[in-house]
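So the structure is just underneath, and the comments pick up after that.
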Amino acid sequence: MPDVLSDIPVNFDSAALRQRCHVATDSDDAVALEALVDQARALARPKALYREAFIEERGDDTVRIAGVTFTSRALRANLDGVERVFAYVATCGAELDAIRCHADDILQPFWLDAIKSVALAAAKAHLAKHLTRTYALGRTASMNPGAAEASVWPIEQQKQLWRLLGDVEGLVGVRLTESCLMVPTKSVSGLRFPTRIDFQSCQLCRREICPSRSAPFDPRAWAKVSSPNGSTSPR
């Protein structure tokens, strides 16, 4: 049975959001942005869901976890020597979708997106701290379906992750669409696992322009997981 984290604090720093959204202090836009922030402070309920699970079987490019088989050469390589993983979903919370932007204001949806990102970051950080504290974890890394190139870990593998986690929508309000996207959109899912070196999915993404990139593309890591004749572990 997965565990739910729902009492997650989030700090909506108005000054930081103005800077992030390129809004000048004491401007009309600053007043409008602050109105959105006030609504977010009242409504935001970021959440996280996770399940401790153990690896049962490994193939050339597959790994079976608690009865669910995932297909990804990169995931298989990263889990070489790993026995326990943590499947998870973290979200800004569906409550923030109740905030409505003015139809004639093209900036407000951008501002609301930034506000939701802050709530999601709070959920991710809270989950990471909880796992580290509860399970005495050392260094960990995570992989997310669809986070890098399609061949790394296809987004369709979200379905297997949902099977592993159970009633995700009922527990934390995150719904999986037919195209395997998550609603609310400011949600993230994946597997967290012990590692000896830092790893991020962005290291396996060759997309040159990406506003969400958190690490540069690593050709050596890509070579190890993209070729059947490569090393079995980028760790």
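What the table below lists for this structure:
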quantity: Check on D29, in contact (Cβ under 8 Å) with a residue 24 or more places away in the chain and over 19 Å from L164 (Cβ atoms); calculated: yes
quantity: Residue within segment 72-93 that is touching a residue at least 12 places away in the same chain (Cβ under 8 Å), charged (D, E, K, R) and within 19 Å of D3 (Cβ to Cβ) present; calculated: yes
quantity: Extreme residue, surrounded by the most Cβ atoms within 10 Å (Cβ to Cβ), among residues of segment 103-119 that are out of contact with any helix residue (DSSP H, G or I) (no Cβ under 6 Å at 6 or more places or on another chain), touching a residue at least 12 places away in the same chain (Cβ under 8 Å) and farther than 15 Å from L43 by Cα; calculated: Q108
quantity: Considering residues of segment 63-72 that are within 12 Å of W153 (Cβ to Cβ) and out of contact with any Gly (no Cβ under 9 Å at 6 or more places or on another chain) only, the residue modelled with the lowest pLDDT; calculated: S72
quantity: Condition check for D97: modelled with pLDDT under 95 and of a type in the set (D, E); calculated: yes
quantity: Residues (in a loop (DSSP other than H, G, I, E, B) and touching a residue at least 60 places away in the same chain (Cβ under 8 Å)) located in segment 32-51; calculated: A44, P46
quantity: Within segment 31-83, considering residues that are of a type in the set (F, W, Y) and out of contact with any helix residue (DSSP H, G or I) (no Cβ under 6 Å at 6 or more places or on another chain), the one surrounded by the fewest Cβ atoms within 10 Å (Cβ to Cβ); calculated: F54
quantity: Residue under evaluation R18, criteria (1) touching a Ser or Thr at 6+ places or on another chain (Cβ under 9 Å); (2) without any contact (Cβ under 8 Å) to a residue 60 or more places away in the chain; (3) not in a helix (DSSP H, G or I), criterion not met; calculated: (3)
quantity: All positions within segment 1-19 that are modelled with pLDDT under 95 and among the aliphatic types (A, V, I, L, M); calculated: M1
quantity: Residue within segment 52-72 that is on the phi < 0 side of the Ramachandran plot and assigned to a helix (DSSP H, G or I) present; calculated: no
quantity: Residues of segment 125-169 classified as within 13 Å of the chain's Cα centre (by Cα) and farther than 24 Å from S72 by Cα, total; calculated: 3
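The values are calculated or read from the model by the stated rules, or taken from the named source; none is laboratory data. The structure displayed is predicted, hence computed values, not measured ones. A quick note on method: Cβ atoms are made from the backbone with ideal geometry, for glycine too, and the neighbour counts reach across all protein chains shown.
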